[in-house]
Amino acid sequence: MDNDFVKEITPKSQDFSQWYVDVILKAELADYSPVRGCMVIRPYGYTLWENMQQLLDRRFKATGHKNAYFPLFIPESLLQKEAEHVEGFAPEVAWVTHGGKELLAERLAIRPTSETIICNMYSKWIKSWRDLPVLINQWCNVVRWEKSTKPFLRTAEFLWQEGHTAHKSEEEAEEETLRMLEVYRDFAEADLSLPVIKGRKSDNEKFAGALKTYTIEALMGDGRALQAGTSHNLGQHFSKAYDITYLDKDGQLKHVWQTSWGVTTRLIGAIIMVHGDDRGLKLPPNIAPIQTVIVPIFGKQTELVLNKARELFSYLKDEIRVELDDRDEYTPGWKFNNWEMKGVPLRLEIGPKDIQKRQVVLVRRDTGKKTAVSESELLPSLKVLLGDIQQNMFKQAKNFMQENIRQVNDFEDFKQLIDKKRGFIKAHWCGSSECERYVKEQTGATLRCIPFCEEKVPGKCLVCNKESDTVVYFAKSY
RNA sequence: CGGGGUGUGGCUCAGUUUGGUAGAGCGUCUGCUUCGGGAGCAGAAGGUCGCAGGUUCAAAUCCUGUCACUCCGACCA
């Protein structure tokens, strides 16, 4: 595979940021808009999001959640009830001050997240233990007035889903928080081929207003970490501030225990940065808007080939997401490059030679490997290949992540590594916020998570040398 | 929000130092020939030089302001 084929994209190794933006623009996922910090998600990118939505939504429904919709506007007084929450979000809230020409009596926040308005409704809806649990999810947009933005990774307005649940007990809320984190992990790894590390956020890094925040952390192609999804155990912080109480079986009035959890269009950024290469996007088949593109090679027999290509298309169109590129104005070579840039997992070539042999040629985006498949075997072969690509992409990403997890015990080594190689660095940590902050100040790396699946090993804190049995992950992050 | 960079046909950029008729390549359009890894020939269209002021006989070029994008920090999904 020769990289000279791709002319429009800056090589990944040369300038990762430029490469990232090139891929987004050239693959037509998104475009800049006239509004500062806001992008347009183009049809190809939006279809990607729709496919992700479907796969997630199915999982939410399967775990008992229902979708609802709450207002975009939040009255200032409502937003201010939970002190920690306001303080966390105040710097990035956009305000509506006028309705037409009239000054509003009370400013309206454009939701940066919906805990406050949802809690307000929950206090009205929840009266009895019989009303619990409440399991609601919302698909919507939110606005955060960010200082610096980057397509998909951080934009002033973005799309997401936010789940908000209320429970009888702390245990039940904790169980829900972890259940949804696992849903995210499964979705990321199975459908996005995106390996992640599950863990808990430190107090410094947790959500404003939460008791505990759990996260899935992914590693991008340039060695920086990305928070790919979060699930918060809100405890009773919000139920106390918003007065969400129920009468329990024992006749006692109690505050509910709550959770909230979300993933965003940022995941599209993760997919680009984890899987993409110098030829452009590389999409996992489960979410690819087009899973297979048919490229007819006309030769001198345009009619014959075109008819065959159309026949194949209508045979496949109810089985997989397939597109027929029968444009006459581009040569096959041009189309190959173009569809590779757009990340289509599998290409189906059909030409005069193939028709003669009753076969088609299949070409994988992930390995570039070509195979001739007899027409009678086409559908099963396609399905096997798509499944294999899905898994292979996960394997490759997982290997990359594994190769970029390094353990150190010495602070100087840590500094060197974070600077030269980036990636995740595992190190002992005593649990103090001071040590955590020190690492950030000295190296720019943050504590990404306190992982679940690490055995307790005795050691000494990276910073203060105190005894510690906890190994945590640090990284520079987006 | 602090420091650097950039803004010129659809795209990538030259021209700015030293003010004087707005350029190239790619793409687009038309026609013919092509088609198994970015085709060839012939012809054509397309730009108030990010925006607003100012200096000047004259501004893409000089000055002031402003906006957007981008990189590095701080803040955040």
Test: residue in the stretch A:150-162 that is within 20 Å of A:Lys81 (Cβ to Cβ) and touching a residue at least 24 places away in the same chain (Cβ under 8 Å): yes
Exclusive hit being within 20 Å of A:Arg111 (Cβ to Cβ), basic (Lys, Arg) and either out of contact with any Leu (no Cβ under 9 Å at 6 or more places or on another chain) or in the same structural domain as A:Phe238 (by TED's automatic domain parsing) (or both), set A:Lys168, A:Lys201, A:Lys212, A:Lys147: A:Lys147
Any hit, the stretch A:441-459, residues being under 19 Å from A:Gln227 (Cα atoms), in contact with a Leu (Cβ under 8 Å, 6 or more places away or on another chain) and either modelled with pLDDT under 95 or surrounded by 18 or more Cβ atoms within 10 Å (Cβ to Cβ) (or both): no
Residues within the stretch A:1-47 that are exposed (fewer than 15 other Cβ atoms within 10 Å of the Cβ), modelled with pLDDT of 85 or more and more than 11 Å from RNA strand B (Cβ to nearest atom), tallied: 3
Residue that is at pLDDT below 95, in contact with a Lys or Arg (Cβ under 8 Å, 6 or more places away or on another chain) and within 16 Å of RNA strand B (Cβ to nearest atom), where the choices are A:Arg327, A:Arg279: A:Arg327
Qualifying residue in the stretch A:89-109 (condition: closer than 20 Å to A:Asp243 by Cα and either modelled with pLDDT of 95 or more or assigned by TED's automatic domain parsing to the domain that holds A:Ala156 (or both)): no
Total residues in the stretch A:338-370, condition polar (S, T, N, Q), surrounded by fewer than 18 Cβ atoms within 10 Å (Cβ to Cβ) and in contact (Cβ under 8 Å) with a residue 12 or more places away in the chain: 1
Residue that is farthest from RNA strand B (Cβ to nearest atom), among those in the stretch A:204-222 that are within 16 Å of A:Ser433 (Cα to Cα) and in a strand (DSSP E or B): A:Lys212
Residue match in the stretch A:115-123 (condition: more than 30 Å from A:Asp31 (Cα to Cα), more than 16 Å from RNA strand B (Cβ to nearest atom), without any contact (Cβ under 8 Å) to a residue 12 or more places away in the chain and of a type outside the set (Val, Ile, Thr)): no
Test for A:Glu189: is it in contact (Cβ under 8 Å) with a residue 24 or more places away in the chain, touching a Phe, Trp or Tyr at 6+ places or on another chain (Cβ under 9 Å), closer than 15 Å to A:Ile268 by Cα and surrounded by fewer than 24 Cβ atoms within 10 Å (Cβ to Cβ): yes
A:Leu379 vs. criteria more than 9 Å from RNA strand B (Cβ to nearest atom), more than 28 Å from the chain's Cα centre (by Cα) and either part of a helix (DSSP H, G or I) or crowded, with 19+ Cβ neighbours inside 10 Å (or both): yes
Test result for A:Phe70, assigned to a loop (DSSP other than H, G, I, E, B) and hydrophobic (A, V, I, L, M, F, W, C): yes
Leading residue by the ranking (nearest to A:Pro195 (Cα to Cα)) among those in the stretch A:223-259 that are touching a residue at least 24 places away in the same chain (Cβ under 8 Å), touching a strand residue (DSSP E or B) at 6+ places or on another chain (Cβ under 7 Å) and assigned to a helix (DSSP H, G or I): A:Phe238
Filter pass, A:Thr259 being among the hydroxyl-bearing types (Ser, Thr, Tyr) and more than 12 Å from RNA strand B (Cβ to nearest atom): yes
Residue in the stretch A:66-80 that is among the charged types (D, E, K, R), more than 10 Å from RNA strand B (Cβ to nearest atom) and in contact (Cβ under 8 Å) with a residue 60 or more places away in the chain present: yes
Qualifying position, being in a helix (DSSP H, G or I) and not hydrophobic (A, V, I, L, M, F, W, C), among A:Gly262, A:Gly269: A:Gly269
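The values are calculated or read from the model by the stated rules, or taken from the named source; none is laboratory data. Fair warning: this is a prediction, and the values are worked out from it, not measured in the lab. Neighbour counts run over all protein chains shown; Cβ positions are idealised from the backbone, glycine included.
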